[in-house]
Amino acid sequence: MPSSTVFKDFVLEQLYLCTNAYHFSARKMFGEFCIYIHSNGEKKALFLICDDTVFLKQNDKFKDILKDNDLSPPFKGAKPWYVIDIENLELLEMIIKDVFLFLEPLKIKNKKKIP
């Protein structure tokens, strides 16, 4: 079942409750959403929302703060990701604080020019 726009908006609201130092955006992909964090001209994929559940890709740097979180694949065939309780603002703040240290920026592809 695809994620709802209402849930995506709730996730964005929760992120803005944690901090106003960053801009957050969402992009719909295959009925689900990817949440991005923006800072200083950089854009990084932060969370996936699949079936109205928030997922964070596993990273050794987050292992300590997410040791109590469940692991589950966000979609069929995916490796397990951390399941994030979006209402846990303290945890969200820790993730956001550390995210720019650990996540790679998105590579922006040049658009092909039409001759």
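Any idea what the dipole of the chain comes to, in debye rounded to 20, about its Cα centre with Lys/Arg Cβ at +1 and Asp/Glu Cβ at -1?
Working: 17 positive and 16 negative charges, 225 e Å.
In debye, rounded to 20, the chain gives about 1080.
Taking 1 over the mean of 1/r across every pair of different Cα atoms in the chain, what Kirkwood radius in Å do you get? Show your work: numbers first, answer last.
On the way: mean 1/r = 0.0672 Å⁻¹.
Computed over the chain, the radius equals 14.9 Å.
Quick check: at a probe of 1.4 Å, how many percent of the accessible area of the stretch 1-86 sits on carbon and sulfur atoms? Don't skip to the answer; put the middle values down first.
Numbers: 2680 of 5200 Å².
With neighbouring chains kept in place, the figure for the stretch 1-86 is 52 percent.
Once label points are set 7 Å from the Cα along Cα→Cβ at both LEU17 and GLN58, what is their separation, rounded to one decimal in nm?
3.0 nm
Taking only protein heavy atoms into account and a 1.4 Å probe, give the accessible area per residue of the chain in Å².
On a per-residue basis, the chain sits at 70 Å².
Based on the Kirkwood radius over alpha-carbon pairs, what is the Stokes-Einstein translational diffusion coefficient of the stretch 13-59 at 10 °C with 1.306 mPa s viscosity, in µm²/s?
On the way: Rh = 11.4 Å.
Value of D from the Cα-based Kirkwood radius: 140 µm²/s.
The values are calculated or read from the model by the stated rules, or taken from the named source; none is laboratory data. What you see is a predicted model; the values in this text were computed from it and never measured. Quick reminder, even Gly has a Cβ in these numbers, built from the backbone with ideal geometry, and neighbours come from all protein chains shown. Accessible surface areas use protein heavy atoms only, side chains included; no ligands, DNA or RNA. Shrake-Rupley method; radii C 1.70, N 1.55, O 1.52, S 1.80 Å.
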